[in-house]
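Only one structure is covered here, and it is reproduced in the block below.
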Amino acid sequence: MKKSIAIIGGGASALFASIILSKRNFDVVIFEKNAKVGKKLAATGNGKCNITNQDLSLNHYFSANPSFVKYPIETFGFKEFSKFCETIGLSLISNENGKTYPASLQASSVVDVLYNEALFLGVTFHLNSFIDELKFQEKIEITTDNKIFKFDKVIVATGSIAMEKLGSSGSGYEIAKKAGHTIIEPIASLVQLTSPNEDIYQLNGVKTDSSVTLFINNKSTKTITGDLLFTNYGVSGNTILDLSRDANMALENSFGVDILVDLFPKLDKNKLVSILDNKAKALKGKGVEFLLLSFVNTKLIPFIFKKAKIAQHKLKINDLDKKDLLNIAYTLKSIKININGSKGFQYGEVVAGGVCVDEIFNKTMESKKQKGLYFCGEVLDVDGACGGYNLHWAWASAFVLASNMQ
Ligand SMILES: Cc1cc2nc3c(=O)[nH]c(=O)nc-3n(C[C@H](O)[C@H](O)[C@H](O)COP(=O)(O)OP(=O)(O)OC[C@H]3O[C@@H](n4cnc5c(N)ncnc54)[C@H](O)[C@@H]3O)c2cc1C
């Protein structure tokens, strides 16, 4: 007799686990609350799906117990994932930074490959089926549409509470709690940050290649270089998304949070002053704005002059003295922005927190609290940096679960 497995949720980790389990001759049924599977997966990577990364070093992962991720990620790394993708006809392409995508650059094609493979292997799908309760009898009972289904094992693959409109609403936490699990308080991560400094709102839409340092209680903690987007509520871009986890944790603890933006991370201050000095000499007689025109985004020019405290009567480049040039260079390398919040769960790509991993076996993903109950993907207290790490967690946790299930 084949063992029967129910998977609650039809997202990334569920589809992946269902394929491996079916290949291993388990009888798999997926219950998905949406009318379609993989709605979030289809929205990943701005529709391109940053599916994994060639560099899966463990420092890209976070959890209250970071050692939990070691076994799944090291067992099912980039090489193993790529090989597996070949077996199901999922073609991959990597860029120079190691970020990896489907060759089609189409997230929906990843959903199509996984869903069709699962169907081909005989996985049964119950769509529009929201599950909020499990009954642990001799078998595990699931009731939906007034029908009772009985399974040998149940996998909770419901995702987190990030971007509820795509399906995950935190219901997995409730199922886990009812089975005796602890939930590490979820906090939005990979999310845009808000600022009370209204003077930056006028920079809405300006995208820069900057280095951004996070300050917590005036202490520098982490610097990330990459794109930074100014918005009419605060800041966004990959640098901000990657700093948002620490920023939100600090805000939760009522710590002061600021970021310091260096618009020219590749130039030291002296080099910048010398460039400005040469420009000033070449552009003598022209208006001050010509000093920065074509050097920074045009929208930034009045903002930089104001921050650098260039007196209003200094209209011409010749009016600027050495101290002014130093102030402009200093401002270009250190714009301080206060952070007072984030756009929250509705906009966050993932959450930090979830089912406490101390209560899960990391070789099988089985609950230590309830036999026959398993978890994989983002419902667990594991999250990753930008760059394909969260989807890789979905694949790796599903892989060890499905490969080791007895
Ligand atoms: C906009 C956006 C872009 C992203 N881009 C990337 C990226 O490029 N690279 C990357 O690595 N990560 C990215 N992520 C994160 C990544 O999508 C998630 O980490 C990943 O999808 C988690 O997989 P999962 O299987 O745990 O959950 P999900 O993929 O969220 O799937 C959970 C499924 O369970 C269903 N469900 C929930 N509760 C129930 C219930 N009670 N009953 C039945 N069904 C239920 C949901 O409808 C959903 O379909 C992005 C996230 C977002 C929001």
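The order of MET163, MET405 by accessible area, most exposed first and with a 1.4 Å probe, is MET163, MET405. Equivalent-ellipsoid semi-axes for the stretch 291-402 (Cα gyration tensor, √(5λ), whole Å, largest first): 55, 13, 11. Against the chain, whose longest principal axis comes from its Cα atoms, helix 78-88 is set at around 50 degrees.
Here the stretch 133-189 is treated with +1 on each Lys and Arg Cβ and -1 on each Asp and Glu Cβ, and its dipole about the Cα centre works out to around 120 debye.
For the pair LYS79 and ASN116 in one chain, pulling the backbone fully straight at 0.36 nm per residue adds 11.0 nm over the alpha carbon distance.
Estimated purely from DSSP H runs of n ≥ 4, each contributing -39500 (n - 2.57), the mean residue ellipticity at 222 nm for the chain is -9000 deg cm²/dmol once divided by its residues.
When all alpha carbon pairs of the stretch 1-117 are counted in 5 Å bins from zero, the resulting P(r) reads 2, 10, 18, 20, 21, 17, 8, 2, 0, 0 %.
Using a Gaussian network model of the chain in which every pair of alpha carbons under 10 angstrom is joined by a spring, one finds that among ASP145, ASP55, ASP277 the greatest mean-square fluctuation is at ASP145. With protein chains left intact and a 1.4 Å probe, residues in the chain average 45 Å² of accessible area per residue. The loop-placed trypsin sites (Lys or Arg not before Pro) in the stretch 308-406, going by DSSP, that have at most 15 neighbouring Cβ atoms within 10 Å of their Cβ come out as LYS309, LYS314, LYS363, LYS368, LYS369, LYS371. Annotation: average projected area of the chain is 21.3 square nanometres, based on the convex hull of Cα atoms across all directions. What the pair-distance distribution of the stretch 192-343 shows, using all Cα-Cα distances binned every 10 Å from zero, is 11, 41, 30, 15, 3, 0 percent.
Each principal axis of the Cα atoms in the stretch 63-213 has its own extent, and those three values, largest first, are 61, 41, 34 angstrom. Our note on the geometry: Cα centres of the stretch 247-265 and the stretch 304-367, 6 Å apart. Basic side chains Lys and Arg get +1 at the Cβ, acidic Asp and Glu get -1 at the Cβ, and with that the dipole of the stretch 192-343 about its Cα centre reaches some 600 debye. When only Cα pairs below 8 angstrom with a gap of at least 6 residues are kept, the stretch 232-373 shows a relative contact order of 30 percent.
The values are calculated or read from the model by the stated rules, or taken from the named source; none is laboratory data. Remember, predicted model here, so these are calculated numbers, not experimental data. Glycine also receives a Cβ, built like all others from the backbone with ideal geometry; neighbour counts cover every protein chain displayed. Areas reflect the complete protein model, heavy atoms only, side chains present, ligands, DNA and RNA absent. Shrake-Rupley method; radii C 1.70, N 1.55, O 1.52, S 1.80 Å.
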